[in-house]
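The values are calculated or read from the model by the stated rules, or taken from the named source; none is laboratory data. Every value quoted in this text rests on a predicted model; they were computed, and no experiment measured them. Ideal geometry is used to build each Cβ from the backbone, glycine not excepted, and the neighbour counts take in all protein chains shown. Surface accessibility is based on the protein's heavy atoms, side chains included, excluding ligands, DNA and RNA. Shrake-Rupley method; radii C 1.70, N 1.55, O 1.52, S 1.80 Å.
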Amino acid sequence: MRGAYLSYAAKRLTQAIVVILLTYVFTFVVVSILPGDPITNVLRDPQNGFTEDEIKAIVAAQGLDQPIPVQLWTSLSHFVTGDLGLSMRSNRPVTTLIAEVLPSTLILASAAFVIALLLAVTIGYGTQFLPKRFGQGLLRGLPSLFLSVPNFVIGLALIHIFGFQLGLFRVIAPNSFWATLFAAVALGIPVSARIAEVLIANLDNESEQEYAAVARGRGLGQMRLFAKHLLKPSSLPVVTVIALAIGELLGGSLITETVFGRTGIGSLVQRSVSTQDLPVLQAVVSLAAVVFVLVNLIADLVYPLLDPRVKLIGGPKYRPTTADDSSTATSQAVTS
Amino acid sequence: MASHDRLTTNTLTRAELVAPVPLRPIPLLRVNGLSVSYGPNEVVTNAEFELGRGESLALIGESGSGKSTIARAVLRLLPSSGHATGRVAFDGQEVLGISERGFRPLRGRAIGFVPQDPAHALNPVRTIGAQAHEAAALLDEPDRAVRKRLILETFAEVGLDNARRVYDSYPHQLSGGMLQRVLIGLAILPRPTLLVADEPTSALDVTIQKRILDLLTRLQHDLKISLLLITHDLAIAAERANALVVLKDGIIQEAGRTASVFAAPASAYARKLRADVPALNPDRYAALRDTGIRALKTGAGATPKIKVSAVTKTFTVDGKTLTAVDDLSFTVPAGTTHALVGESGSGKTTAVRLLLGLEQPDTGTISVADEQITGRSPDELRSVWRHLQLVYQNPFTSLDPTWTVEHLVREPLDRFGIGTRKERDERVREALADVGLGEHLLSRKPQALSGGQRQRVAIARSLVLKPDVIVLDEPTSALDVSVQADIVEVLLSLQVNLGLTYVFVSHDLALVRQLAHTVSVIQRGRIVEHGAVTEIFDNPRQPYTRSLLASIPSGVAGAAHLPHPRLRQLATAD
């Protein structure tokens, strides 16, 4: 079993690396065949005041006079070693620029993710055990409400209420604890809605299963029934949703950063797009690809750990035991 | 076991169950005026019964009779739409009206629950051990290692050979019989005084059914547990319970000591239930069954309709070769029924697939009505399939839920392009009439039909092409005993009227005894014994056949042999 998992994990990891490299190549090719030449545009910008000879020297030094495949190869080999080149505007290494803003975005996104998860699970628990007269129906409507409100509206509302009215945080200090927390809430709410929708549907299904009744008959209370029995099988499909929700976190963080006035990947992208700073954009796209691929890799690796029934491709298959006595129920168990 | 049973019944009070006598000890479970409704529909009306300490009581009825609902109401596990009124006293304490918080200490500790379908009664993503610890937590034992030892001991007690492996397994890695043992183990682990078993064996094979029931009976005596057994099989109930409660449409028809209810049922419904149990009435359809044979003997002579000779089929699973069918040979004379009997995994299903040409054998030949099945492509087999039809095991999954009855029955005619539109309409009505279904059902969808009606539709669907041979793959195993009796009757009269030849696949020997003429007993893909049904059943030579026969519930506590002369007498008295 362990061997099967490791060989499965190795296979998935290899696939992930291939996908990242292909994404890099794809972005590179798309940028190369786009009309216009941003690089020489920048160099020929009269404000920079390069002479023709200097431009030629720079182009030669950067290898920009080489054919596209050779440029791609050079760029790719640099990328693999972690060298993302120099920003065309600030002339500083792209890695440094990203390293400056990445922690802020990471903190925001991971806080938002934790909030989204907590919120979704709390809503899920409520829909199962909150008595009808205490507004279970209201709780079930919450995810749709969360989804239909854009996150910048939530952000502005939070700033207005907690920043200006209650004075919990100061809008001009966007990196303070409270400011970060509310930014994360604004970002996490729509993400939690997606997770909660799938979670509620699965909890409803699981709590009707015979094993839930049997477990209650065994004397389990609500909390333990939820935590030990219902949550794990219900979160299997949620894992896939979470992997997709991370994308939403990335996209949403650009907007949230703007609304809350934080510096982060969002502000970096914004600046780079407006100045056509290609190396930075190429790096950010590759970074997004890496995050996506990693998250999906984690989802793929977690899934077999959560669900023992998953058959791992490449490893030895599970076989139901036929010792002692067998029955039709076995085949039902295997196929269902 | 037999002497043990008698001993218990003799020492217990003979007082009438329904009429309480003053100064009697408080019964363990007492149900008074229990009514249960789902929304506006009342499914149980005014149920009353008592279960004494160490005693066993069976609730009997068809599906929809409310027997499981009563069990769930006693366990307080009704779905949220269910509402129960009345009184349920456990050990003298009212438990229906109290809060969930007040009832929870009784769950597991005092009242254990063994569910119907073991395959879905354990959490599929947690190990057996993790779930066993929930039951062990009800014991007042602080040390986890001790609790684990108790779990392993209990697993051994319920007959699980490799307790340690079971402990580490996930549910899907164990067979249905093993899972039911696990569930019984988890239920008895906290040593409850009452065990509620809701059709604990209806999802299992006959031989495993017997072992599970034996286990329950033994535990009940060893641990002095009271057993509330829910079943649709009167024979099982009579064999395992001291008292019976017969239910129909949520209303108790009859209740009393097993001996009296079983020997002389007062209500018409209880009499019908008893008459419908194949094991108790082996010759119920003898007249119908033998008409076919007599007609055959006076007719053109017994030419075999089906010839299977030396057929072998192997599959390769994970690099291992598995022989599913090994040197299988049998012939079926026209107009008779041949039964293929064996446990799950014995190769019955593969044999059916080979017979229908859905699978080609490695060696050997099969011919049906002088047409070769083996070595032909599906296109070439189309003409054969007009004469060779299949009725599938489960009518709840074999009919497209979005189609009407008319569409379902008509489809084969459309597929084979038979007759004009008008002739097809005519033929559909004819086939429905043959299986005893009225024309008013033509526009219904399967969802609006009962299980018995669905299986009739499935039979009509196979009849509509006027086939000579019908393969019946456990056609009644998904149905209640009383519905099963109806279907058997339909099948037998069709055989007499239309001269059909049946191959009947089943693990239920009592049913085979009722309707088949010849039988092949299959074990691990090989025929271990074959011949006329009466001969095999009266003089089984192979131990495997004997064990299959012994697992038929007889309705008599401790009895292992059939047919019981007195029971036969009782049955024919109806």
Discussion item. Could you tell me how many of the residues in the stretch B:512-548 are open to solvent by 30 Å² or more (accessible area, probe 1.4 Å) and in contact (Cβ under 8 Å) with a residue 24 or more places away in the chain?
Written reply: 7
Item to complete: Output the residues belonging to the stretch A:282-303 that are open to solvent by 30 Å² or more (accessible area, probe 1.4 Å) and within 16 Å of A:Leu22 (Cβ to Cβ).
Response: A:Val285, A:Leu287, A:Ala288, A:Val290, A:Val291, A:Phe292, A:Leu294, A:Asn296
Discussion item. List the residue pairs whose Cβ atoms are under 9 Å apart, where the first residue sits in the stretch A:57-76 and is among the acidic types (Asp, Glu), the second is open to solvent by 80 Å² or more (accessible area, probe 1.4 Å) and assigned to a helix (DSSP H, G or I), and the two are 6 or more positions apart or on different chains.
Written reply: A:Asp65/A:Lys56
Discussion item. For the structure I just gave you, tell me whether B:Ala270 is part of a helix (DSSP H, G or I) and either among the small types (Gly, Ala, Ser) or open to solvent by less than 20 Å² (accessible area, probe 1.4 Å) (or both).
Written reply: yes
Response to the item:
The condition of being under 23 Å from the mean Cα position of the chain (by Cα) and modelled with pLDDT of 85 or more holds, among B:Arg284, B:Arg274, only for B:Arg274
Response to the item:
Checked the stretch A:199-219 for anything open to solvent by 40 Å² or more (accessible area, probe 1.4 Å) and away from chain B (no Cβ under 14 Å); matches are A:Ala201
Fill in: Residues (within 12 Å of chain B (Cβ to nearest Cβ) and not aliphatic (A, V, I, L, M)) located in the stretch A:220-247
A:Gly221, A:Gln222, A:Arg224, A:Lys228, A:His229, A:Lys232, A:Pro233, A:Ser234, A:Ser235
Worksheet, complete the sentence: Counting only residues in the stretch B:26-73 that are assigned to a loop (DSSP other than H, G, I, E, B) and in contact with a helix residue (DSSP H, G or I) (Cβ under 6 Å, 6 or more places away or on another chain), the one nearest to B:Arg107 (Cα to Cα) is identified as B:Gly61
Worksheet item: If you scan the stretch B:77-104, which residues turn out to be within 14 Å of chain A (Cβ to nearest Cβ) and among the β-branched types (Val, Ile, Thr)?
Response: B:Val95
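Table: residues versus (1) surrounded by 12 or more Cβ atoms within 10 Å (Cβ to Cβ); (2) in contact with a helix residue (DSSP H, G or I) (Cβ under 7 Å, 6 or more places away or on another chain); (3) of a type outside the set (A, V, I, L, M, F, W, C); (4) modelled with pLDDT of 90 or more.
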{"position": "A:Asp37", "(1), (2), (3), (4)": "yes, no, yes, no"}
{"position": "A:Asp45", "(1), (2), (3), (4)": "no, no, yes, no"}
{"position": "A:Ser77", "(1), (2), (3), (4)": "no, no, yes, no"}
{"position": "A:Ser87", "(1), (2), (3), (4)": "yes, yes, yes, no"}
{"position": "A:Thr95", "(1), (2), (3), (4)": "yes, no, yes, no"}
Worksheet item: Among the helices (runs of 4 or more DSSP H) confined wholly to the stretch A:206-278, which include 2 or more residues that are in contact (Cβ under 8 Å) with a residue 24 or more places away in the chain?
Response: A:231-260, A:265-275
Item to complete: Report yes if some residue within the stretch B:159-176 is among the basic types (Lys, Arg), crowded, with 24+ Cβ neighbours inside 10 Å and within 12 Å of chain A (Cβ to nearest Cβ); otherwise report no.
Response: no
Discussion item. Considering only residues that are aliphatic (A, V, I, L, M) and either over 20 Å from A:Val285 (Cα atoms) or surrounded by fewer than 15 Cβ atoms within 10 Å (Cβ to Cβ) (or both), which ones fall in the stretch A:54-75?
Written reply: A:Ile55, A:Ala57, A:Ile58, A:Val59, A:Ala60, A:Ala61, A:Leu64, A:Ile68, A:Val70
Discussion item. Checking A:Gly264 against (1) open to solvent by less than 30 Å² (accessible area, probe 1.4 Å); (2) modelled with pLDDT under 85, only one condition comes out false. Which one?
Written reply: (2)
Practice prompt. Tally the residues that are crowded, with 21+ Cβ neighbours inside 10 Å, away from chain A (no Cβ under 11 Å) and in contact (Cβ under 8 Å) with a residue 60 or more places away in the chain, restricting the search to the stretch B:183-194.
Written response: 3
Worksheet entry | Scan of the stretch B:287-314 for residues that are at pLDDT below 75, open to solvent by 50 Å² or more (accessible area, probe 1.4 Å) and not polar (S, T, N, Q), ordered by number | B:Arg294, B:Ala295, B:Lys297, B:Ala300, B:Ala302
Item to complete: Please indicate, with yes or no, whether at least one residue in the stretch B:441-451 is under 27 Å from B:Lys307 (Cβ atoms) and assigned to a helix (DSSP H, G or I).
Response: no
Discussion item. Tally up the residues in the stretch B:105-136 that are closer than 21 Å to B:Leu150 by Cβ, outside any loop (DSSP other than H, G, I, E, B) and facing chain A (nearest Cβ under 7 Å), please.
Written reply: 4
Worksheet entry | Selected residue [open to solvent by less than 10 Å² (accessible area, probe 1.4 Å) and in contact (Cβ under 8 Å) with a residue 24 or more places away in the chain] from B:Leu479, B:Leu413 | B:Leu413
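Rundown of residues vs (1) touching a helix residue (DSSP H, G or I) at 6+ places or on another chain (Cβ under 7 Å); (2) open to solvent by 60 Å² or more (accessible area, probe 1.4 Å); (3) more than 14 Å from chain A (Cβ to nearest Cβ); (4) not in a loop (DSSP other than H, G, I, E, B), yes/no style:
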site	(1), (2), (3), (4)
B:Thr331	no, yes, yes, yes
B:Ala339	yes, no, yes, yes
B:Gly357	yes, no, yes, no
B:Ser367	no, no, yes, yes
Worksheet item: If you check A:Val291 against the conditions, is it over 26 Å from B:Gly319 (Cβ atoms), at pLDDT 75 or above and among the aliphatic types (A, V, I, L, M)?
Response: yes
Discussion item. Yes or no: the stretch B:57-80 includes at least one residue that is open to solvent by less than 40 Å² (accessible area, probe 1.4 Å), farther than 22 Å from B:Asp480 by Cβ, among the polar types (S, T, N, Q) and in contact (Cβ under 8 Å) with a residue 12 or more places away in the chain.
Written reply: no
Practice prompt. Count, please, the residues in the stretch A:307-326 that happen to be surrounded by fewer than 16 Cβ atoms within 10 Å (Cβ to Cβ) and modelled with pLDDT of 50 or more.
Written response: 3
Fill in: Every residue from the stretch B:209-266 that is within 14 Å of chain A (Cβ to nearest Cβ), open to solvent by less than 20 Å² (accessible area, probe 1.4 Å) and part of a helix (DSSP H, G or I)
B:Ile212, B:Leu213, B:Leu215
Discussion item. Being farther than 25 Å from B:Glu535 by Cα and either in a loop (DSSP other than H, G, I, E, B) or outside the structural domain of B:Pro540 (by TED's automatic domain parsing) (or both) is the filter here; which residues of the stretch B:464-493 pass it?
Written reply: B:Val464, B:Leu465, B:Lys466, B:Pro467, B:Asp468, B:Ala478, B:Leu479, B:Asp480
